[in-house]
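Student: Dropping a structure here in structure tokens format, bear with me for questions.
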Amino acid sequence: MSSLPALLVLEDGRVFRGRSYGAAGETFGELVFSTGMSGYQETLTDPSYRGQVVLMTAPHIGNTGWNDEDGESGRIWVQGFIVRDPAPRPSNWRSRRKLDDELRDQGIVGISDVDTRALTRHVRDRGVMRVGISTETLNHEELLAKVTEQPLMAGADLVGDVTTDTHYLVPAQGVKRATVVAVDLGIKSMTPTQLAARGLDVHVVPAHTTFEQILEFEPDGVFFSNGPGDPATAVGPIEVLREVLKAGLPYFGICFGNQLFGRALGLDTYKLKFGHRGINQPVIDRTTGKVEITAHNHGFAVHAPLDHATPTEFGDVTVSHICLNDDVVEGLELRRDGELVAFSVQYHPEAAAGPHDANYLFDRFADVLSDRGMDAD
Amino acid sequence: MPRRTDISSILVIGSGPIVIGQACEFDYSGTQACRVLREEGYRVVLVNSNPATIMTDPDFADATYVEPITPEFVERVIAKERPDAVLATLGGQTALNTAVKLHESGALEKYGVELIGASIEAIQRGEDREQFKQIVLGLTDIVGGAAEVARSAICHTMDEVLAAADNLGYPVVVRPSFTMGGVGSGFAHDEAELRNIAGAGLSASPTTEVLIEESILGWKEFELEVMRDKADNVVIICSIENFDPMGVHTGDSITVAPAMTLTDRELQRMRDVGIGIIRAVGVDTGGCNIQFAINPDDGRMIVIEMNPRVSRSSALASKATGFPIAKIAAKVAVGYTLDEIPNDITKETPASFEPTLDYVIVKVPRFAFEKFPAADPFLTTHMKSVGEAMGIGRNFTEALGKTLRSMENPDAPFEFGQPISESVDELLLKASRPHDGRIQAVMNALRAGASVEQVFEATKIDPWFLDQLVVMFEAARELRDAPDLTPELLRTAKRHGLSDQQIARLRNVSTEVVRGVRWALGIRPVYKAVDTCAAEFAAATPYLYSTYDEETEVPARTKAAVLILGSGPNRIGQGIEFDYSCVHATMALREAGYETVMVNCNPETVSTDYDTSDRLYFEPLTAEDVLEIYHAELAAGPVAGVICQLGGQTPLKLAQVLKDAGVPIVGTSPEAINLAEERGAFGRVLAEAGLTAPKHGMAASAAEAKAIAKEIGYPVLVRPSYVLGGRGMQIVYNDDALETYIRKATEVSQDRPVLVDRFLDDAVEIDVDALYDGTDLYIGGVMEHIEEAGIHSGDSACSLPPITLGDAIIEQIRRDTLAIAAGVGVRGLLNIQFALHADRLYVLEANPRASRTVPFVSKATSTPLAKAAALIMLGRSIADLRSEGMLRADGDGSNPVEGAPVAVKEAVMPFNRFRTATGAFVDTLLGPEMRSTGEVMGLSDNFGTAYAKSQAASGGPLPTGGTFFVSIADRDKRHAIWPIKRLVDLGFRVLATKGTASVLRRNGIAAEEVLKLSEKVEGADGSSIVELINDGRIDLIFNTPEGSSAGESTRQDGYQIRTAAVLADVPLITTVPGLGAAAQGIESQQRGEIEVRSLQDWAKR
């Protein structure tokens, strides 16, 4: 491998040396690791990774190249990329180009040939931290100084960076059942696809859309997407969500949308030590007792009592889903007079990348919407 | 949901003897199951005829029946033990088939036994091709489109055939319906071929019916390991991608985990289909394995088949991920749900998750074609490998390099140094046909200048894999061409799996020099944990592998460690028996307060379970790898020593190198090992003790060999020096045969001489396993072979206690064994083979190590020999062990206690797996070259019954009556009369060939004459014997060969008779003593019902 030498420095001073991968240059961000063995294209294009340097624990990356179908948005969002063994040649009938070419074209600085497992263990034991990758300097002290100047993820408001500029419609497939407004806080393209597949017209709107603007679409329900940053900073969207709940509109949220749901209901959010990022996480649906294998990408989580419902001004909220690995809250349900009116999950039922076990949540949302629609008629 | 309380005892069915396609992976799975079920408080009853397994250790079940796994015997066990449930999904196809038969016979219902793990209906849905196909086609609600199977059409006319082929596209597979053994099937690449093959197929089929199926040859092949609990939680444990595309049995393919060339969308589709299948088939509490093929051109995916049980791939997936599939399958079978079961490795997280890997696994099969020179060497969908090794690396190249050097085959690791003489075209042609050595041909093609595209065209091996081979080759080339061996070059080479030896050859220096440079530069491997979760959670279990990376994870320790070197991939001559000894050593030493460290690379074994030892290093057993582990463990804490004598020849041959490098070898010293293995030195030991060996000499040429043979007299036994499993051994009767042998042996020189021994015709062979501590000798057991000397000890049946040896001989055996043990300097186990010829005891060979028979002897005598050996190696005395009760307080295995059983060991041969290039079976004659893959044990209070049980267990049950065919060589006629007469008295009708019949008639035996195949005249009356066998009209065959042990030409009648017997599955006896034993066995069967009894019961008596 004849690429340039590259340097990686963590904010606590630990240094790794490897080779340049993707674009040459310098980049900084919060170091997180993803344990998925497949789906790097989906990961790279997931807007939730805004501000983060992503490490893949699977050693061989780039094997299936880059295709025109699997992106979850129009561009790569990660701040930097860390792999151990980049594929010299992609091999898959859908591959259009090499991953490192795509990274280079999009200006994503990466590093390869480092001990990714050592880095993962470091983050696991000490928590997520800021990192710098450079091909411009190989002096670690110089790079460390720059790393410590970077902003922290806690308190970061990144939604504005990733949300859509304008409204667009993803039309219902088949017979239309209802209309949904999906607030884009960093939405992945698979989400509106899944909603539309269930007969929902999906109006994707920018993050700053007001409640009144939402109502103009005459929605049967509202959806908040995943997204990057600290949920505590998303004051505007949280206010909008409170109005949605007050108006009694059905609500479904994913990931960031779960955290905002929690905050709108008066629950607190907090930063996890090193987050959940992978596609093998066991989550139990407390209603059915069934375990689903789910895709996760979250550094923050909601604080909520696991053993009892919490009364709120909108109804009683219960924890509907829990991660079996560490008992983190993975889903919330709001019931009024015993009836499900709003719910959200911390993980990714749209599953791109990841298993399709939690797909039923889209059905559940569609059912809530159409039940309500029938009531209204 | 907690475990079930409505059942309290469970019968676990094992898989019986090791055969091709069903090896010690089922010992691993059964052992885990027994362990788990006992921990859960169930009474565990086990049936398994294989004494070499860990699971049949009396400690692993409440009642252990070493009895044949046949419906009749298992029903007897059920009748006696009355279990509430049967678990048959962990004992391979043998257990599953037995369970189905017990269901069909009504036995399960009669005794009120529930089948747990998978129901009869689920087994049938999974195994019946048509039902399974419909299940797959019923999965229409899958993201990306309905699930598919290979498209096909049933045709009755040539027009239909041609139309079907046009629709499916060429090439197509033709499968005629209802023909025997796949007669008339084949591949058609164009219309002309199709007319030819399908025409023949239509006429061969009794219903004029052929199935025309699309060809998926060359497609990418994948497997998923799926697990489901009763709450319908389903998880995928592992994805596996085959390096060799469709067309090669997955057991014979190089396989890789996780899948390397699929995007997430494709993997999730496969996952969805897999989950749909396990649900629809209805495997509700357990694991299954599902195979898929993907068209590399357009990604079309089809389902090939499923196994509704734990399989070979499950064992591999367990070792590959750290997720103990068999253990979890046993737990869900008794009612737990996955989320209730903790993940042993992390301790904190549950088993209801999907393992994620931050390393790569490569498995490479181990073949034994050298044992079957006549067999067709090409790989097909019919499995032929006898074992496998697995390598773990942080990338594919590292893992592949490690696996290839684990193969115990000097030709397996890539040769980068030598120039290539073959042309690109020749190499591509070679690589295009799957065979043992294909990956080496692929590498050579790339080295010779073939492009990745060319190799892909020729082999359909995915370009990603080929590209990785290019990476290895480029690392090697740079290393070779660089002026200096720089740290960067060395690091890159190690990172891509090159061994010190490969580097040494590239640089034209010695391996020691490379090692010295590497150590001086500090380029040493680190060890990382297999933790199921890619380091997301801390691992509590040190299951480690080496890699050239930065950070090591070897935990520090305070207790002294003992390293136990395992036996590597199974092959003929070195199998599960050695794993048994290693596992016993680790159990004994853990209990004695040591921290045990296991080193092995065989994924099928119990030794490579992460909780068998305190630490597991899944690593190749080469000097380089073991030295690095020793170095790492020495840095972690004190090391008491390294055990090399329990894992067979593999670790034994490392002993001297390790000792020279400063590693403390415990037990018999490397010098003593050499003393026993080196002919001259051993001869001096014998001479000093006044013992006799058959006359022998060493020859470096044909002329020398002939001179020796002349001096000592024919027949002589010839073999290369330093062998295990009798590789290359032959008995020759004259100068011509001797010359042929020398000419065929490629490596005969002054350094590698051929040994020429006097062959003792008609001698009784005796095997002895013993312990020696420097002062006392403890005979583990004396085994008398049933076949005469000249048949490899691994292939002959034997009896313990010996059935015909007198006390004086036993006493002499004891004296001689002590003299050899002391003379050689044994500390631990010793195996000696004697031959008794004309009342004189000859020493054939001595092996200062655990032998193949240690588990058999241990079980037959209720004495844990391997445990005792391990403790002796670390300084305990036999006197200590006697007083502690591990060994008998007085006496030993040479004088059995009152009430002890007669145990008969029988070998199991793989002849039905190997066909010649023309499709005939290979010859079945036994000889000095070992060819059996496994063994069984029969136990009873008399020899006849024990022998009959051993035959039933080995798959060739003796008949109780019927027609008996005899054809014997002249030299055997004299001795064969009595047993034949006995069989006639027992009611058999005797058929014989002309010559034999007249001899028999002269002895008053009314033998009917039957034609040899060569005597048969086309169109004339009377069936030949081969036809009678094919028609199922013969119940027992006795045939001894004329001439040499190397077999006869395939045109000869004996060969035709023997191969017909294999095809028709008729018991075949090829030695006179074997016939005698069979007569006794048949007699005891006729006497009445054969009783079953557990090892625990035998031990009590």
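Student: I need the phi-derived Karplus couplings for region B:55-72: 6.51 cos²θ - 1.76 cosθ + 1.60, θ = phi - 60°, integer Hz, Gly and Pro marked x.
Tutor: For region B:55-72, the Karplus-derived couplings read 4, 7, 5, x, 6, 9, 9, 7, 9, 10, 9, 8, 9, x, 8, 10, x, 5 Hz, x marking Gly and Pro.
Student: Using just the helices of chain B, give the 222 nm mean residue ellipticity in deg cm²/dmol: DSSP H runs with n ≥ 4 each add -39,500 (n - 2.57), and the total is spread over all residues, rounded to 500.
Tutor: Values: 38 runs with 402 residues, N = 1101.
Estimated from H runs of four or more residues: -11000 deg cm²/dmol.
Student: To continue, here is another question. Please give the peptides A:20-27, B:2-9, B:430-437 ranked by average Cβ packing (other Cβ atoms within 10 Å per residue), highest first, as a rough proxy for protection. Intermediate results must be reported in sequence, preceding the final value.
Tutor: Numbers: A:20-27: 21.5, B:2-9: 13.6, B:430-437: 18.5.
In decreasing order of mean packing, A:20-27, B:2-9, B:430-437 become A:20-27, B:430-437, B:2-9.
Student: Please arrange B:ASP232, B:ASP244, B:ASP467 by how many other C-beta atoms lie within 10 Å of their C-beta, fewest to most.
Tutor: Starting with the residue having the fewest Cβ neighbours, the order is B:ASP232, B:ASP467, B:ASP244.
Student: Using a Cα-Cα cut-off of under 24 Å, which lysines could be cross-linked to B:LYS859, ignoring same-chain neighbours fewer than 8 residues away?
Tutor: Excluding near neighbours in sequence, the set is B:LYS80, B:LYS867, B:LYS905, B:LYS949, B:LYS1100.
Student: Also, quick follow-up: What is the extension gain from B:ALA538 to B:SER883, computed as 0.36 nm multiplied by their sequence separation minus the C-alpha to C-alpha distance, in nm to one decimal?
Tutor: 119.8 nm
Student: Among all stretches of chain B without exposed GluC sites (Glu not before Pro) (DSSP loop, at most 10 other Cβ atoms within 10 Å), which one is longest?
Tutor: B:1-746
Student: Within 10 Å of each Cβ of B:353-365, how many other protein chain Cβ atoms are there on average?
Tutor: On the way: counts 11, 8, 2, 11, 5, 11, 5, 4, 0, 0, 0, 0, 0.
That works out to 4 on average.
Student: How far apart, in nanometres, would the label points at B:LYS110 and B:GLU845 be if each is projected 7 angstrom from Cα along the Cα-to-Cβ direction?
Tutor: The two pseudo-label positions are separated by 4.7 nm.
Student: Return the inverse of the average 1/r over all pairs of distinct C-alpha atoms in region B:906-971, which is the Kirkwood hydrodynamic radius, in Å to one decimal.
Tutor: 14.3 Å
Student: While we're here: What's the FRET efficiency of B:TYR170 with A:GLN173 using the Cβ-Cβ distance as r and R₀ = 35 Å, to the nearest 0.05?
Tutor: Details: r = 38 Å, r/R0 = 1.09.
For B:TYR170 and A:GLN173, the calculated efficiency is 0.35.
Student: Also, quick follow-up: What are the extents of the Cα atoms of chain B along their three principal axes, in Å, largest first?
Tutor: The Cα atoms of chain B stretch 77, 75, 69 Å along the principal axes, largest first.
Student: Let me ask something additional. Using r as the Cβ-Cβ distance of B:LYS80 and B:ARG1002, and R0 as 56 Å, what FRET efficiency do you calculate, to the nearest 0.05?
Tutor: E between B:LYS80 and B:ARG1002, to the nearest 0.05, is 0.70.
Student: Hey, for a label at B:LEU429 modelled as a point 7 Å past Cα toward Cβ, could you say which residues of region B:441-481 have their backbone N under 19 Å away?
Tutor: Within reach of a label on B:LEU429, which here means backbone N under 19 Å from a point 7 Å along Cα→Cβ, region B:441-481 contributes B:441-451, B:454-460.
Student: Defining a contact as two alpha carbons under 8 Å apart and six or more residues distant in sequence, what relative contact order in percent does region A:159-376 show?
Tutor: Rounded, it is 18 percent for region A:159-376.
Student: If you count, for every residue in B:264-273, the Cβ atoms of partner chains within 10 Å of its Cβ, what is the mean?
Tutor: 6
Student: At a temperature of 25 °C and a viscosity of 0.890 mPa s, determine how fast chain A diffuses translationally according to Stokes-Einstein, using the Kirkwood radius over alpha-carbon pairs as Rh; express D in µm²/s, rounded to the nearest whole number.
Tutor: Estimated diffusion coefficient is 116 µm²/s.
Student: For every other residue with a beta carbon closer than 11 angstrom to the beta carbon of A:ILE61, add +1 if it is Lys or Arg and -1 if Asp or Glu, then tell me the sum.
Tutor: Local net charge: -1.
Student: Hey, another quick one. Roughly what % of Cα-Cα distances in the protein assembly as shown sit above 62 Å, to the whole percent?
Tutor: Tail of P(r) above 62 Å: 18 percent of Cα pairs.
Student: Starting from the Kirkwood Rh over alpha-carbon pairs, what translational D in µm² s⁻¹ does region B:189-291 have by Stokes-Einstein at 25 °C and 0.890 mPa s? Each step should come with its number before you reach the end.
Tutor: Numbers: Rh = 16.3 Å.
Taking Rh from Cα pairs, D becomes 151 µm²/s.
Student: Just to be sure I understand the model, the point goes 7 Å from the Cα along the line to the Cβ. What's the resulting B:THR960 to B:ASN674 distance in nm?
Tutor: 6.0 nm
Student: Over region B:405-538, what is the relative contact order in whole percent, taking alpha-carbon pairs under 8 Å and six or more residues apart?
Tutor: The value is 18 percent.
Student: State the volume of the convex hull built on the alpha-carbon positions of region B:9-118, expressed per residue in Å³ and rounded to an integer.
Tutor: So the per-residue Cα hull volume is 82 Å³.
Student: Let me confirm one metric for peptide B:528-537, namely the mean number of other chain beta-carbon atoms within 10 Å of its residues' beta-carbons.
Tutor: Other-chain Cβ atoms within 10 Å of each residue's Cβ, averaged: 6.
Student: Under the definition of Cα pairs under 8 Å and six or more residues apart, what whole-number percent is the relative contact order of region B:190-346?
Tutor: 24 percent
Student: Just grab the label-to-label distance for B:THR157 and A:ARG96, each label 7 Å out from Cα along the Cβ direction, in nm (one decimal).
Tutor: Result: 5.0 nm between the two label points.
Student: For chain B, give me the percentage of DSSP beta bridges that are antiparallel, rounded to the nearest 5 percent.
Tutor: 70 percent
Student: Helix-only mean residue ellipticity at 222 nm, chain A, DSSP H runs n ≥ 4 weighted -39,500 (n - 2.57), per residue, nearest 500. What is it?
Tutor: Roughly -6500 deg cm²/dmol at 222 nm, from the helical runs in chain A.
Student: Give the Cα extents of region A:219-310 along the principal axes, in whole Å, largest first.
Tutor: Its Cα atoms span 36, 30, 26 Å along the three principal axes.
Student: Take the Cβ-Cβ distance between B:LEU521 and B:ILE420 as r, set R0 to 22 Å, and report the resulting FRET efficiency rounded to the nearest 0.05.
Tutor: Efficiency for this residue pair is about 0.10.
Student: Something else about it: Which of A:LYS271/B:LYS331; B:LYS110/B:LYS331; B:LYS363/B:LYS494 have a Cα-Cα distance over 30 Å?
Tutor: A:LYS271/B:LYS331
Student: How big is the Kirkwood radius of region A:5-148, worked out from every pair of different alpha carbons and given in Å to one decimal? Write down the numbers at each step before the final one.
Tutor: Values: mean 1/r = 0.0674 Å⁻¹.
Answer for region A:5-148: a Kirkwood hydrodynamic radius of 14.8 Å.
Student: Can you tell me the length gained on complete extension of the stretch B:TYR714 to B:GLU348, counting 0.36 nm per residue apart and subtracting the Cα distance? Please report the intermediate quantities before stating the final value.
Tutor: Values: separation 366, 0.36 × 366 = 131.76 nm, distance 6.92 nm.
Once the chain is fully extended between B:TYR714 and B:GLU348, it gains 124.8 nm.
Student: Figure the gain on full extension for B:HIS189 and B:ALA150 (residue separation times 0.36 nm, minus the Cα-Cα span) and round it to one decimal in nm.
Tutor: 12.3 nm
Student: Determine, at each q value in 0.12, 0.15, 0.28, 0.29 (inverse angstroms), the log₁₀ of I(q)/I(0) that the Debye formula gives when each Cα of region B:152-214 is one equal point scatterer.
Tutor: Once normalised to I(0) and log-transformed, intensities are -0.21, -0.32, -1.18, -1.27.
Student: Which residues in region B:55-69 have a backbone N closer than 17 Å to a point placed 7 Å from the Cα of B:GLU1091 along the Cα-to-Cβ line?
Tutor: The answer is B:64-68, whose backbone nitrogens lie closer than 17 Å to the label point.
Student: Which parts of region B:964-995 would a label at B:ASP736 reach, counting a residue when its backbone N lies under 19 Å from a point 7 Å out along Cα-to-Cβ?
Tutor: B:970-971
Student: Could you tell me the distance between the Cα centroids of region A:164-209 and region B:779-837, to the nearest Å?
Tutor: First find each Cα centre; the distance between them is then 82 Å.
Student: For region B:599-643, how big is the tail of P(r) above 18 Å, as a whole percent of Cα pairs?
Tutor: I get 30 percent for the Cα pairs in region B:599-643 exceeding 18 Å.
Student: Could you give the dipole magnitude of region A:5-148 about its Cα centre, charging the beta-carbon of Lys and Arg +1 and that of Asp and Glu -1, in debye to the nearest 20?
Tutor: Working: 18 positive and 21 negative charges, 57 e Å.
I would put it at about 280 debye.
Student: Based on the inverse mean of 1/r over its pairs of different Cα atoms, what is the Kirkwood hydrodynamic radius of region A:273-377, in Å?
Tutor: Working: mean 1/r = 0.0691 Å⁻¹.
Over region A:273-377, the inverse of the mean reciprocal pair distance is 14.5 Å.
Student: From the Cα gyration tensor of region B:951-1087, with a ≥ b ≥ c the square roots of its eigenvalues, which class applies: rounded if a/c is under 1.5, or else prolate if a/b is larger than b/c, or else oblate?
Tutor: rounded
Bear in mind that the values in this text are calculations on the coordinates, not laboratory data. All values reported here derive from a predicted model rather than from experimental measurement. So basically every Cβ, Gly included, is an ideal-geometry build from the backbone, and we count neighbours across all protein chains shown.
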